[in-house]
Amino acid sequence: MDLLPRSPGEFGSAWYWDRFFRQRGQRPFEWYGAFPELCPVLHKYVRPRDKVLVVGCGNSELSEQMYDMGMCEDIVNIDISDAVIRQMQERTESKRPKMRYLLMDMLQMDFPDAHFQVVLDKGTLDAILTDEEEATLAKVDKMFAEISRVLQVGGRYLCVSLAQAHVLKKVVEYFSQEGWVVRVHQVAGSGDKQQFVLPVFVYVMTKFRKVPGSAPQILEICTEEQDKPMRVESVERLVAAVKDRQHYAMLCSQLSKTPCGEQVSLDLCDKECGRPRYTLHVIDSPSVKRSRDNRFAIFIIPQGRETEWLFGTEEGRRQLAASAGFGRLVTVALHREQDYEGMAGIQAELSGKVMELAPPGLPARQQVPFLSVGGDIGVRTVRHCDTSPLSGEYVVEDVKGDGTCYFRRLIFLRNRNVVQSEARLLAHTPLPGQKKRRKDKKKPSVAEPPTAIDKSYLCCEHHKAMVAGLCLLGGPNPLPGTPLVVLVVGLGGGSLPLFIHDYFSQAHVAVVEIDPSMLEVATRWFGFSQGDRMQVHVSDGLDYVAKLATEGTVLQSIPAQYDTIMFDVDSKDLTVGMSCPPPAFVEKPFLQKVKTILKPEGVFVLNLVCRDVQLKESVLATLREVFPLLYTRRIEGEVNEILFCQPSPKVRWDPTELGARARVLEGDLRQPGRPWDSSYALADMLQAVKIL
């Protein structure tokens, strides 16, 4: 039986609906939105004494159910199909005496002005507004004008819709320009298999007298989780908010039917402010042998640890899911702008929502475990927030790592999943002769996180590799007392130049940093300081190197002077597949200038972070053209690759020799009374290098 129209325009014709309802017979036809789902929204806006007009009623049971539930009895239903009106009159005449069914065109109604308190439309607007042709829009304008005419001031036009973008935009623009308050409700699902994957919405337009002049628009959205509506500032934002919820519904539908081949990521936003509150990743592990108890789990990432490889990369999350032993794992990252009430509070907040992401076939009442590291949500303390004209918004925060260690991190919010700089914090230790405070037995003591910077500790693996690269300097090993002249481009928190300054007592370190805000951050928050052997030049690294190369070449007054040049500078352009360094720093003319200011037996150390394979090959080819000897060290579990470039191929070390030199250097750096961390493993760093 063919019940669908040959063209969308037939939805507006009486003969099509007469034919439709004759073929369908007495069976009620509901476009979408069953009464139990719509009831909570209708109860808010339909009162028992209201006069209600239902336009385009068809043979839906909605009016009958409202009547039978005592929601309202004075209900008038109209439709352009004579067949369905006669059918509905026969079905309800004896059972519901106060309800009427009338044959009438809603584009030209016979009712007097301001006759109804509520006009209800379930799918009728969607059926008419099938396109944005001029004739269609004119028909919709006429429909809206008639609804406006028959509604009292303070009356509500309730429109049940799937909220296609052009439909929602038309409704909101028309009625907001008329001075009406527009609110969009998302209807909560019943949990049963629905005919439509897309969620159902109810537009609520409340009529106000039109004020002369330009009155402010009042636009609101209320999702199924919210009781309190959220104000939005524009039609575009309202349409975008609805679109987000439609995409989420489609995603949940897809995940409930089939395993996800690729990891799926989505944000859950705070219902008060609209900002992201949780970031979720859905990971399926086909290799996990599934049983009733290991099909689905939620993993809460402790605050501040979302940037770690295990949690912040696709491969890391895949390993986490496999090791956890669940067929589907949802990782949950917590946002720094939000407050959380512990693990129990998060579990209560997320339980209903994450079940929408459950794998196919999971029983409805299945208990889903919430997992975490150490059973808590971690500690994050934001120390400082600001905005730099060059680096954008940034934040300095203290987070708790594994065990009892705390770390201070610098994060650029344009790339919030990447730690820009990191330093370990020293535990509190009482001064000699200082007595510990007696604990108040009545009050439990709260461990206060440390604040002093541990300058002896290199948190970043690529910094350890860059320091190990000093073993490549020609001649005898660079003992801590050997004079060195080092240029570091890119300050960040200053841990790399600080370590070289403190552990190589005769090293003179020049740092070039383009962003003066970063010098202030490093000084105030990361324990950085300047002195006779440490100077910072606020300048563009490109200009600084070019100036040195020009003066050295033309004036001959400044010879090639640096033993080591280190580039650890990020790119501000996120559209390029290389986040470190900026592309201009690895162009051949500039690299030749770097070579000019480097001693023949010196080493140029480059931190390369490049996800674009072709671009990376191009960078390596350019480096080979300028520097005859090139070593590379991949940082395990990270995108970083450290390149050691030498202008003279006279001394070529193999990895074993470099490991031996690194062990000597490491032994010299481990002086009595000087902190040293076993994780540095400089020999291991260099034994893994490859010669390109």
Determine, yes or no, whether THR381 is within 21 Å of the chain's Cα centre (by Cα) and either farther than 30 Å from GLY541 by Cβ or among the basic types (Lys, Arg) (or both). yes
With a cut-off of at least 1 residues that are touching a His at 6+ places or on another chain (Cβ under 7 Å) and surrounded by 16 or more Cβ atoms within 10 Å (Cβ to Cβ), name the strands (runs of 3 or more DSSP E) lying wholly within the stretch 289-377. 328-334
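Does VAL619 fit the bill of being farther than 28 Å from LEU320 by Cβ, aliphatic (A, V, I, L, M) and open to solvent by less than 20 Å² (accessible area, probe 1.4 Å)? Let's see the steps before the verdict.
Working: farther than 28 Å from LEU320 by Cβ: yes; aliphatic (A, V, I, L, M): yes; open to solvent by less than 20 Å² (accessible area, probe 1.4 Å): yes.
In short, yes.
Filter the stretch 126-137 down to the residues that are open to solvent by 30 Å² or more (accessible area, probe 1.4 Å), among the hydrophobic types (A, V, I, L, M, F, W, C) and over 20 Å from TRP180 (Cα atoms) and list them by number. Can you show your working first?
Within the stretch 126-137, the subset open to solvent by 30 Å² or more (accessible area, probe 1.4 Å) is 130-135, 137.
Checking which are among the hydrophobic types (A, V, I, L, M, F, W, C) leaves us with 135, 137.
Across the stretch 126-137, the qualifying residue is only ALA135.
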Pairs under 7 Å by beta carbon, first residue under 22 Å from GLN303 (Cα atoms) in the stretch 364-380, partner among the aromatic types (Phe, Trp, Tyr) and part of a loop (DSSP other than H, G, I, E, B), six or more apart or different chains? ILE377/TYR340
Scan the stretch 625-643 and tell me whether some residue there is assigned by the TED database to the domain that holds ILE500, at pLDDT 90 or above, open to solvent by 30 Å² or more (accessible area, probe 1.4 Å) and over 21 Å from LEU470 (Cβ atoms). yes
Would you call GLU64 modelled with pLDDT of 90 or more, in a helix (DSSP H, G or I) and either surrounded by 15 or more Cβ atoms within 10 Å (Cβ to Cβ) or outside the structural domain of ASP131 (by the TED database) (or both)? yes
From LEU238, LEU266, LEU251, grab the single residue that is touching a helix residue (DSSP H, G or I) at 6+ places or on another chain (Cβ under 7 Å), in a helix (DSSP H, G or I) and surrounded by 13 or more Cβ atoms within 10 Å (Cβ to Cβ). LEU238
GLU393, sole failed condition from (1) within 21 Å of the chain's Cα centre (by Cα); (2) open to solvent by less than 20 Å² (accessible area, probe 1.4 Å): (2)
Could you please tell me which pairs satisfy a Cβ distance under 7 Å, a separation of 6+ or placement on different chains, a first residue in the stretch 495-513 that is in contact (Cβ under 8 Å) with a residue 12 or more places away in the chain, and a second residue that is open to solvent by less than 10 Å² (accessible area, probe 1.4 Å) and of a type in the set (Phe, Trp, Tyr)? SER495/PHE526; LEU498/PHE528
Across the stretch 85-125, what is the total count of residues that are open to solvent by less than 20 Å² (accessible area, probe 1.4 Å) and without any contact (Cβ under 8 Å) to a residue 24 or more places away in the chain? 1
Can VAL118 be described as in contact with a Lys or Arg (Cβ under 7 Å, 6 or more places away or on another chain), more than 23 Å from VAL200 (Cα to Cα) and in a strand (DSSP E or B)? no
Across the stretch 67-84, which residue is nearest to the chain's Cα centre (by Cα) among those that are open to solvent by 10 Å² or more (accessible area, probe 1.4 Å) and either free of Cβ contacts under 8 Å to residues at least 40 places away in the same chain or outside the structural domain of VAL118 (by the TED database) (or both)? MET69
Which members of the stretch 211-235 meet the condition of being in a strand (DSSP E or B) and either in contact with a helix residue (DSSP H, G or I) (Cβ under 7 Å, 6 or more places away or on another chain) or modelled with pLDDT of 90 or more (or both)? LEU219, GLU220, ILE221, VAL232
Confirm whether GLU37 is at pLDDT 70 or above, under 27 Å from VAL184 (Cβ atoms), of a type in the set (Asp, Glu) and open to solvent by 20 Å² or more (accessible area, probe 1.4 Å). yes
Result of the Cβ filter at 6 Å on the stretch 602-623, keeping first residues that are closer than 14 Å to MET566 by Cβ and partners that are part of a helix (DSSP H, G or I), at least 6 apart or interchain, is VAL603/GLY469; VAL603/LEU472; PHE604/VAL594; VAL605/MET466; VAL605/GLY469; ASN607/HIS462
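The values are calculated or read from the model by the stated rules, or taken from the named source; none is laboratory data. Since we're looking at a predicted model, the values are computed, not measured. With ideal geometry, Cβ positions are generated from the backbone for all residues, glycine too; neighbour counts draw on all protein chains shown. These accessible areas exclude ligands, DNA and RNA; they are computed on the full protein's heavy atoms, side chains included. Shrake-Rupley method; radii C 1.70, N 1.55, O 1.52, S 1.80 Å.
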